[in-house]
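One structure below.
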Amino acid sequence: MADSSFDVVSKVDRQEVDNALNQAAKEIGQRFDFKGTGAAIRWSGESGVEIVANSDDRVRAVLDVFKERLVKRQVSLKALDHGDPVAAGGGTSRLVVTIRQGIDDDKAKAIVKRIKADGPKGVQSQVQGDTVRVSSKKRDDLQTVIAMLRDADFGIPLQFQNYR
């Protein structure tokens, strides 16, 4: 009998992020509290979002609007990586928000370690690039591993694909 398996991945739907960004930009342009602050939000490269405004507080407010839009579109906020706003000169503040894709090596090792420690016997897991492949002879064991990983917090959004 062949082993059943699934892949643990961490991906964000770029189209949903783009839609959330456009909605946030539209709201920022219409809201009274953002008038005259130079507040703007736009793509910065392939997986980054740049927020600009005339003060750190306005930058944080734009970030909150963006996060609200992401939550409404079912995009996990765990995929966002950002620091504090930085002075960009000319009386403006700037913040670059990175959208993380894939599972880095440290998180993948932590997932494999957790499966080995707490998972059912007979379940194998291995790192394959930016995914983790989990396999077992019993499908019920795989369901148990999925439930266990959903309850654990690895600091990144996890999805389960290619369940066979």
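Read-outs: derived from the displayed coordinates by stated rules, not from any lab. Source: prediction; values computed, not measured. Because the Cβ atoms are built from the backbone with ideal geometry, glycine has one as well, and the counts that use them run over all protein chains shown.
For this structure, a couple of remarks:
- Cα gyration tensor category, rounded, prolate or oblate, for segment 110-164 with a/c compared to 1.5: rounded
- Modelled label positions at residue 124 and residue 153, each set 7 Å beyond Cα in the direction of Cβ, lie 3.4 nm from each other.
- Leading residue at positive end of dipole, the chain (Cβ point charges), from 39, 29, 144: 144
- Modelled this way, with points 7 Å down the Cα-to-C-beta line, the labels at residue 140 and residue 87 are 6.5 nm from one another.
- Extension gain from residue 133 to residue 161, taking 0.36 nm per residue of separation minus the Cα-Cα distance: 9.1 nm
- Crossing angle, helix 105-118 versus the chain [Cα axis fit, 0-90 degrees, rounded to tens]: 40 degrees
- Within segment 65-164, the chymotrypsin sites (Phe, Trp or Tyr not before Pro) that combine a DSSP coil assignment with at most 15 other C-beta atoms in a 10 angstrom radius are 163.
- Folded to 0 to 90 degrees: helix 139-151 orientation relative to the chain principal axis, Cα: 30 degrees
- Test item: Cα-centred dipole of the chain, Lys/Arg +1 and Asp/Glu -1 on Cβ, debye: 400 debye
- Label assignment, Kirkwood radius over Cα pairs in Å derived from the structure, set (i) 17.8; (ii) 16.5; (iii) 15.9: (i)
- Net length available on complete extension from residue 50 to residue 7 is 12.3 nm, with 0.36 nm assigned per residue and the Cα-Cα distance removed.
- With 0.36 nm allotted per residue and the present C-alpha distance subtracted, the residue 31-residue 16 stretch has 3.2 nm of extension available.
- Restricting segment 1-87 to GluC sites (Glu not before Pro) that sit in a DSSP loop and have at most 13 other Cβ atoms within 10 Å of their own Cβ leaves 46.
- Segment 14-99 gives an Rg/Rh value of 0.94, both radii derived from C-alpha positions and Rh following Kirkwood.
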